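Shown next, in structure tokens, is the structure this report addresses.
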Amino acid sequence: MNYYDVFGISPTATTEDINAAHKALAKTYHPDINSSEDAHEKMAMLNEAHAVLSDSTKREMYDDELKRNREILSSQAAKAERSREFAESEERAGKAELLRRKAEARLKSDDAVQKHRMEQAKRRTEETARKHRQAKAESDKKDLIKGLSALVMDDSVKRHKRMDVDEERYYATKVLLSMVRKDDKHLRRMAEEADRKQRIDEILSLVKELNDKKDSK
């Protein structure tokens, strides 16, 4: 509390206003009138304030001091406000950075999940295709074995009945031979046997043809 506040007057108050305020308050707090414990202390403060403010030189110096104090307080308040604003700005920046990192981590996580799902889908597709190829290979293998088995059978009845059976068998044998994998010994052996059987069929067909020509003469 400054001296002006002691009297409850404005810093622009005149000397007459100061004297009047001091006189009025002295009637209230003078120890001869007021018996309260703090009357002496309050009266001493009134006298101190009056001694400074009623003297123009002392009052001018006091006003200068008040002004400097107000400027210091204002500067400190401004500095405190800037510090507060900076702290709030830093806090907002920190929160924004945290949110950015969380969003970035979430995007990376979503990308990772999406990538994982795509890889899983790709693996499932590849596995399905592999199983399909395997099933088809097994089916082709069974058909091939069945075809080759039929070719190596002793089919003398058909051979003598229809000559075109030999031609069909010969063509089928060549096609099947081209399909047989070299690392499948069982199928290759059957194909070779079919080829050998086909050559026998060709010889028998030629013999039959010669015999038929002799008989016609």
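The values are calculated or read from the model by the stated rules, or taken from the named source; none is laboratory data. Note that the coordinates shown come from a computational prediction; the quantities given were computed from them, not determined experimentally. Cβ atoms come from the backbone with ideal geometry, glycine included; neighbour counts cover every protein chain shown.
Taken over segment 20-58, the criterion of being assigned to a loop (DSSP other than H, G, I, E, B) and of a type in the set (G, A, S) is satisfied by S35, S36, S54. Could you tell me whether D55 is in contact (Cβ under 8 Å) with a residue 24 or more places away in the chain and surrounded by 10 or more Cβ atoms within 10 Å (Cβ to Cβ)? When the stated conditions are applied, D55 does not pass them. The set of residues from segment 58-98 being among the charged types (D, E, K, R), closer than 30 Å to Y29 by Cα and either surrounded by fewer than 11 Cβ atoms within 10 Å (Cβ to Cβ) or at pLDDT 90 or above (or both) comprises K58, R59, E60, D63, D64, E65, K67. Would you say R117 is modelled with pLDDT of 90 or more and under 60 Å from the mean Cα position of the chain (by Cα)? Judged against the criteria, R117 is not a match. Any chance you could count how many residues in segment 63-86 are of a type in the set (K, R) and closer than 21 Å to L53 by Cβ? Adding up the residues that qualify gives 3.
Okay, residues lined up against (1) acidic (D, E); (2) assigned by TED's automatic domain parsing to the domain that holds A20; (3) touching a Phe, Trp or Tyr at 6+ places or on another chain (Cβ under 7 Å):
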residue: A44; (1), (2), (3): no, yes, no
residue: E48; (1), (2), (3): yes, yes, no
residue: L53; (1), (2), (3): no, yes, yes
residue: L98; (1), (2), (3): no, no, no
residue: M118; (1), (2), (3): no, no, no
